[in-house]
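No lab work stands behind these numbers, since they all come straight from the coordinates. Please read these numbers as outputs of a predicted model, since none were measured by experiment. Quick reminder, even Gly has a Cβ in these numbers, built from the backbone with ideal geometry, and neighbours come from all protein chains shown.
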Amino acid sequence: MATLQHRQRACWDGVRNYQARNFLRSMQPGELFFFYHSSCPRPGIVGIGRIVSGAYPDPSALEPQSPYFDAKAGAERNPWVAVDVEFVEAFGDVIELMRLRSTPDLAQLPLLKKGNRLSVMPVSAGEWAAVLALR
DNA sequence: GCCAACGTTGGC
DNA sequence: GCCAACGTTGGC
């Protein structure tokens, strides 16, 4: 997020899960998304971004030096996609995972379900509003 | 197509 | 670093 904010625009690449890939592929230019930070001291939603391109083949899958390299992908057959995104808003404070969990309107959010492994998921209009209300 | 083993993810 | 959970892989 900090990098995205500084650069304003970034390529969202490296998604290597088919279900998450499908959600990424369904995103349309202009759509907003929440930016969730995981695997850090305070996991939670840190801000908002906007999709600025349709999905296109993820070039990092073809780069041997990339951590996202996929030996099974090729230029002709690359199963992975990336989208371009831009910075919209950084929240004043992280909306922490525990706070998300304690919000009844978010109970159905896949993120909060036991054993969730999805890194990209849809957010309903009601869930979107519920998160914004926590800012 | 089943299913066990393995690898990865993410919270704690 | 541990562990729960689940996706992926590969043998059959």
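Within 10 Å of each candidate Cβ there may be at most 15 other Cβ atoms; applying that plus a DSSP loop requirement, which trypsin sites (Lys or Arg not before Pro) in region A:60-116 survive? Write down the numbers at each step before the final one.
On the way: sites: A:LYS72, A:ARG77, A:ARG99, A:ARG101, A:LYS113, A:LYS114; in loops: A:LYS72, A:ARG77, A:LYS113, A:LYS114.
Here the sparse-neighbourhood loop sites are A:LYS72, A:ARG77, A:LYS113, A:LYS114.
Relative to the current alpha-carbon distance between A:ARG7 and A:SER38, full extension at 0.36 nm per residue lengthens the span by 9.1 nm.
Relative to the Cα centre, the charge distribution of chain A, modelled as +1 at Lys and Arg Cβ and -1 at Asp and Glu Cβ, gives a dipole magnitude of about 400 debye. Phi angles across region A:17-23 convert, under the Karplus curve 6.51 cos²θ - 1.76 cosθ + 1.60 with θ = phi - 60°, into 3J(HN,Hα) values of 9, 5, 5, 5, 4, 5, 5 Hz, Gly and Pro given as x. Charge tally around A:ASP93: other residues with Cβ under 12 Å, Lys/Arg +1 each, Asp/Glu -1 each, net +2. When both region A:118-135 and region A:1-48 are represented by their alpha-carbon centers, they are found 13 Å apart.
Once the Cβ-Cβ distance between A:SER102 and A:SER53 is put in as r, and R0 is 35 Å, what FRET efficiency do you end up with, to the nearest 0.05?
Working: r = 36 Å, r/R0 = 1.02.
Efficiency computed from Cβ-Cβ geometry: 0.50.
Amide H to amide H, with H built 1.01 Å from N, A:PHE91 comes under 5 Å of A:GLY47, A:ILE48, counting only residues 5 or more places away or on other chains.
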